[in-house]
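Beneath this line is the structure, given in structure tokens, with notes to follow.
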Amino acid sequence: MFAGSLAVCSNFSDTEQKKQWKGVESVLTLKTSVCETFGITYPIIQAGMAGGATTPELVAAVSEAGGLGTLGAAYMTPEQVEAAVEMIRSLTDQPFAVNFFAATPPDDYTNLAEVQQVLRLFHAELDIAEPQAPSQTADFSSAIFGLCVDLRVPVISTAFGCLTTEQMRKAKAHGIRTTAMVTTVGEALEAEHAGVDAIVAQGSEAGGHRSMFSFDGTPAGTQIGLFSLVPQIVDAVKIPVIAAGGITDGRGLIAALALGAEGVQLGTRFLVAAEAGTHTVHKQAIFDSGDDSTVVTRSFSGRPARGIKNRFIEEFEKSGTSPLPFPSQNTVTKELRLAAAKNGNADFLSLWAGQSAGMLKEEGTAETIVQSLVAEAEKLI
Ligand SMILES: Cc1cc2nc3c(=O)[nH]c(=O)nc-3n(C[C@H](O)[C@H](O)[C@H](O)COP(=O)(O)O)c2cc1C
């Protein structure tokens, strides 16, 4: 089917032909430059997902299966990260990545009393103590970076921005590969300039936080869909692009390659892996969801993030109260989320998931997920 488009190419100008070829070449093979850059067999990356889903077992199983497993280290202490990396290395000798937020802005509790007024009702319902005055949010970003260098992790991936110039210099000096997740062409150019080895283009379908570089409090964050974002970034930069958002099967993988991406990054698909630390009610909410189950909300963390809508999102938004800016809102809702997790109560958990969650109906091992993506893609090729 692509031979046809190759024949048509001959009428195009050089640049146009290059764009066509870039996509078509990638479609013809799963062996892209991303495989070479990261030393992996398939251009499939399991997203680093902060909050406990990306257990060392999941990361290692994805890497063992030929993809790139990623530890979501953003909310972990350096000690926890060190132990997890040690565990990953005991399970696999394949490359893996560690992911964290490139930047965490300082806390802002200006609107705290109003937010606590809303939270108080939920705390009472879950029978937990009244919301307390919160402490400063812990920011382990630079400590985790330092640890990644000391431990010589093969790949560092960042969200919300890039490594600093000095950090990038250090990473390169130690042979560590890097990626940054972006949501616009402008951010992609910034990441290329910063020196990343590959750009992760995050479409608006994606589960979890929007990865825009700014913290300006825009209600929904940047909202460019993957089909529009990937080719525009591919045309703007010279380094490989990895597509993220709503990809769950071989069709999505091939579509991303056809748009010029040289790899894919999947979050929600791996949330329902058997090895993932995802709460069972979160997995069930994914299996129960449909095409319009997710929304972008700031209610849980103060930063736009896509998740399955539930009572907390609906009632917090209905209250008309402005959430605190990120990360402060995340810190003040933590107790509630922990209590909900303990009780298996999906009403108050942040059920992050992408728009293709409705395509997922059962658990599978990380190995079968990678294998089925590859088999479906190869069949399509
Ligand atoms: C539960 C969850 C947590 C996430 N946490 C992170 C994170 O800590 N760091 C990060 O770079 N991306 C994070 N993401 C976003 C992913 O990198 C990726 O953009 C997204 O999962 C792609 O969309 P998909 O979920 O539809 O596959 C998270 C996504 C989910 C679903």
Q: Please give the number of the condition MET87 fails out of (1) free of Cβ contacts under 8 Å to residues at least 40 places away in the same chain; (2) buried (at least 18 other Cβ atoms within 10 Å of the Cβ); (3) in contact with an Asp or Glu (Cβ under 9 Å, 6 or more places away or on another chain).
A: (2)
Q. Any chance segment 343-356 includes a residue that's away from the ligand (no atom under 16 Å from the Cβ) and free of Cβ contacts under 8 Å to residues at least 60 places away in the same chain?
A. yes
Q: Considering only segment 62-80, state which residues are crowded, with 20+ Cβ neighbours inside 10 Å and more than 18 Å from the chain's Cα centre (by Cα).
A: ALA65
Q. Does ALA220 qualify as being under 22 Å from VAL149 (Cβ atoms), within 16 Å of the ligand (Cβ to nearest atom) and not β-branched (Val, Ile, Thr)?
A. no
Q: Could you check how many residues of segment 31-56 are closer than 16 Å to VAL370 by Cβ and either touching a Cys at 6+ places or on another chain (Cβ under 6 Å) or buried (at least 24 other Cβ atoms within 10 Å of the Cβ) (or both)?
A: 9
Q: Please tell me if ASP235 is more than 14 Å from the ligand (Cβ to nearest atom), under 30 Å from SER322 (Cα atoms), of a type in the set (D, E, K, R) and surrounded by fewer than 23 Cβ atoms within 10 Å (Cβ to Cβ).
A: no
**Q.** Residue identified as in contact (Cβ under 8 Å) with a residue 12 or more places away in the chain and more than 28 Å from THR321 (Cβ to Cβ) among THR218, THR268
**A.** THR268
Q: Would you check if PRO56 is touching a residue at least 40 places away in the same chain (Cβ under 8 Å) and not hydroxyl-bearing (Ser, Thr, Tyr)?
A: no
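Per-residue answers, yes or no, for (1) within 16 Å of the ligand (Cβ to nearest atom); (2) modelled with pLDDT under 95; (3) surrounded by fewer than 24 Cβ atoms within 10 Å (Cβ to Cβ):
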{"residue": "ILE156", "(1), (2), (3)": "yes, no, no"}
{"residue": "THR165", "(1), (2), (3)": "no, no, yes"}
{"residue": "LYS172", "(1), (2), (3)": "no, no, yes"}
{"residue": "THR178", "(1), (2), (3)": "yes, no, yes"}
{"residue": "MET181", "(1), (2), (3)": "yes, no, no"}
{"residue": "THR184", "(1), (2), (3)": "yes, no, yes"}
{"residue": "GLU192", "(1), (2), (3)": "no, no, yes"}
Q: Could you list, in sequence order, all residues of segment 46-75 that are near the ligand (Cβ under 10 Å from one of its atoms) and aliphatic (A, V, I, L, M)?
A: ALA47, MET49, ALA50, ALA53, LEU71, ALA73, ALA74
Q: State all residues of segment 39-62 that are hydrophobic (A, V, I, L, M, F, W, C) and assigned to a loop (DSSP other than H, G, I, E, B); if no residue qualifies, say none.
A: ILE40, ALA47, MET49, ALA50, ALA53
Q) Limited to segment 87-121, what total is found for residues that are assigned to a loop (DSSP other than H, G, I, E, B) and small (Gly, Ala, Ser)? A) 2
Q | Residues (in a loop (DSSP other than H, G, I, E, B) and of a type outside the set (S, T, N, Q)) located in segment 63-83 | A | ALA65, GLY66, GLY67, ALA73, ALA74, TYR75, MET76
Q: Output the residue which, of all residues in segment 194-226 that are in a loop (DSSP other than H, G, I, E, B), of a type in the set (A, V, I, L, M) and touching a strand residue (DSSP E or B) at 6+ places or on another chain (Cβ under 7 Å), is modelled with the lowest pLDDT.
A: ALA220
**Q.** Output for segment 257-274, where each listed residue is surrounded by 23 or more Cβ atoms within 10 Å (Cβ to Cβ) and away from the ligand (no atom under 11 Å from the Cβ)
**A.** LEU257, LEU259, GLY260, ALA261, GLU262, GLY263, ALA273
Q.
Can you pull out every residue in segment 122-154 that is in contact with a helix residue (DSSP H, G or I) (Cβ under 6 Å, 6 or more places away or on another chain) and in a helix (DSSP H, G or I)?
A. PHE122, ALA143, ILE144, PHE145, LEU147, VAL149
Q.
I need the full set of residues from segment 76-99 which are within 16 Å of the ligand (Cβ to nearest atom) and among the hydroxyl-bearing types (Ser, Thr, Tyr), in order please.
A. THR77
Q. What is the number of the single condition among (1) within 27 Å of ASP107 (Cβ to Cβ); (2) more than 12 Å from the ligand (Cβ to nearest atom); (3) surrounded by fewer than 24 Cβ atoms within 10 Å (Cβ to Cβ) that HIS279 does not meet?
A. (2)
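The values are calculated or read from the model by the stated rules, or taken from the named source; none is laboratory data. Quick caveat: nothing in here was measured; it's all calculated off a predicted structure. Quick reminder, even Gly has a Cβ in these numbers, built from the backbone with ideal geometry, and neighbours come from all protein chains shown.
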